[in-house]
Amino acid sequence: MTPRHARRSRGWRRFARIGVFVLVGLLVVGSGGAYAAYRYEQGQAHRILPGVVIAGVDVGDMTREDAIAAVEEAVDEELGREIEVVARGRTWHVRPSELGVSADVAPRIDAALAIGQEMSWTDRAFHRLFDRPLDETLDVPVGGAGPELKRFLRVVDEAISVSRSNANIELVDGELVVERPELGIGLERADAAKELRRAVRRGSDSVMLPVRKTDPKVTAEELGKTIVVRISENRLYVYEGLKVIKRFDVATGLGGYPTPRGTWNIWDKRENPIWVNPAPDGWGKDLPAVIGPGPGNPLGTHALYLDAPGIRIHGTYNEASIGTFASHGCIRMRIEESKELFSMIDIGTQVLILE
């Protein structure tokens, strides 16, 4: 944790030492001077040597208990400060303590006491009697930031996240919906946690959290072609991705034989198709059972087969019917235009039929 407190004044301690120094000096003059210095150092062994700073607090000459109290006060102040957190243009303010961050002060105090214990008693006496600071600075490592930090990052993520969307054309409740692809945006949580922990350790006042962008799975280019038939207009549209690239006038089902609304797919396509009478006991009872390729074929020269039973997009020699409700459910096109559409469309192409 970065020190934020100035060192405490040593003036009063120097004044106290003057008296001690004078006393010890007089004792040194006598035959028992060395012993007196030793006894003095032994009496101060429970105090930290001068010149030790922990978390910005000068703990020199303090006892363990006093040092713990002073450093904990400074650490609590540090853990209670606000950090400005910015992510995707939004701002939050959070305290390290609210992130579950804590600090164990006692081991650092013990480390400060251990510095003196590793020195000879004469070195310790020298530093104490002549006020020679060690110039030792120790930080108090912070820890924790577990569940609380994760919860905070989850709140941030939910606030800034945008779900990615794929390019798509579909029918929703009978309406055509064209969706443009959009990048997904969210918090890069692992890196964000590292940045936030680093800000706490360094005592930073603000931190910007990293975000990630996720490409859509399907772009407009990858969407391919889609056929859309609007029955109310008797018109067929060909989409390339999300753009209309072709429009054709068509004929659709008459009163008792409506063209089925819904989402379908092309499962087959045939050039010079053979027409098989679909209703020999109904509306086709006066027609042949089979009609081969040629000018009399009801399917014209090219046909696309939908997975809607018996429904095709096909050419017709009765071009006067184009633009009207005239078929038994199929979608009729002019002969040349059916040929053009045939060359554009692959098996598997989606067909959307709506009012």
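The values are calculated or read from the model by the stated rules, or taken from the named source; none is laboratory data. Keep in mind the model is a prediction, meaning the values are calculated, not measured. Neighbour counts are summed over all protein chains in view; Cβ atoms, including those assigned to glycine, are modelled from backbone coordinates with ideal geometry.
Things to note:
- Test: residue in the stretch 50-63 that is in a loop (DSSP other than H, G, I, E, B), on the phi > 0 side of the Ramachandran plot and of a type in the set (D, E, K, R): yes
- Restricting attention to the stretch 220-245 and to residues that are among the aliphatic types (A, V, I, L, M) and in a loop (DSSP other than H, G, I, E, B), the residue that is farthest from the chain's Cα centre (by Cα) turns out to be ILE231.
- Single residue of THR263, THR214 found to be under 29 Å from ARG180 (Cβ atoms), hydroxyl-bearing (Ser, Thr, Tyr) and free of Cβ contacts under 8 Å to residues at least 60 places away in the same chain: THR214
- Screening the stretch 284-327 for residues that are within 53 Å of the chain's Cα centre (by Cα) and at pLDDT below 95 and picking the one that is surrounded by the most Cβ atoms within 10 Å (Cβ to Cβ) gives GLY310.
- Residue within the stretch 330-342 that is of a type outside the set (A, V, I, L, M), at positive phi and surrounded by fewer than 19 Cβ atoms within 10 Å (Cβ to Cβ) present: no
- Among the conditions (1) in contact (Cβ under 8 Å) with a residue 24 or more places away in the chain; (2) closer than 26 Å to ARG312 by Cβ; (3) surrounded by 13 or more Cβ atoms within 10 Å (Cβ to Cβ), the only one that GLU188 does not satisfy is (2).
- Among the residues of the stretch 111-129, those identified as under 15 Å from MET62 (Cα atoms) and either in contact with an Asp or Glu (Cβ under 7 Å, 6 or more places away or on another chain) or acidic (Asp, Glu) (or both) are ILE115, ARG124, ARG128.
- Restricting attention to the stretch 246-288, the residues that are within 20 Å of GLY323 (Cα to Cα) and either assigned to a strand (DSSP E or B) or not polar (S, T, N, Q) (or both) add up to 15.
So that you can scan it fast, the table gives a plain yes or no per residue for (1) surrounded by 13 or more Cβ atoms within 10 Å (Cβ to Cβ); (2) hydrophobic (A, V, I, L, M, F, W, C); (3) touching a strand residue (DSSP E or B) at 6+ places or on another chain (Cβ under 9 Å):
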| residue | (1), (2), (3) |
| --- | --- |
| ASP205 | no, no, yes |
| LYS217 | no, no, no |
| TYR239 | yes, no, yes |
| PHE248 | yes, yes, yes |
| GLY253 | yes, no, yes |
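- Picking from residues in the stretch 130-160 that are in a loop (DSSP other than H, G, I, E, B) and in contact with a Leu (Cβ under 6 Å, 6 or more places away or on another chain), the one that is nearest to SER97 (Cα to Cα) is ALA145.
- The set of residues in the stretch 289-311 that are in contact with a Pro (Cβ under 8 Å, 6 or more places away or on another chain) and not in a loop (DSSP other than H, G, I, E, B) comprises ILE291, HIS302, ALA303.
- Unmet requirement for ASP173, which otherwise passes all of (1) at pLDDT 95 or above; (2) surrounded by 14 or more Cβ atoms within 10 Å (Cβ to Cβ); (3) on the phi > 0 side of the Ramachandran plot: (2)
- Only residues that are surrounded by fewer than 19 Cβ atoms within 10 Å (Cβ to Cβ), in contact (Cβ under 8 Å) with a residue 40 or more places away in the chain and either closer than 22 Å to VAL59 by Cβ or touching a Leu at 6+ places or on another chain (Cβ under 7 Å) (or both) were counted in the stretch 88-105, giving 2.
- Contacts under 6 angstrom Cβ, first residue in the stretch 161-175 being assigned to a strand (DSSP E or B), partner among the polar types (S, T, N, Q) and at pLDDT 95 or above, 6 or more apart: ILE169/THR226; LEU171/THR263
- Whichever residue in the stretch 212-258 is out of contact with any Leu (no Cβ under 7 Å at 6 or more places or on another chain) and on the phi > 0 side of the Ramachandran plot and, among such residues, is modelled with the highest pLDDT: ASN234
Per-residue answers, yes or no, for (1) modelled with pLDDT of 90 or more; (2) part of a helix (DSSP H, G or I); (3) within 30 Å of ASP157 (Cα to Cα):
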site	(1), (2), (3)
ARG14	no, yes, no
SER31	no, no, no
ARG39	no, yes, no
TRP92	yes, no, yes
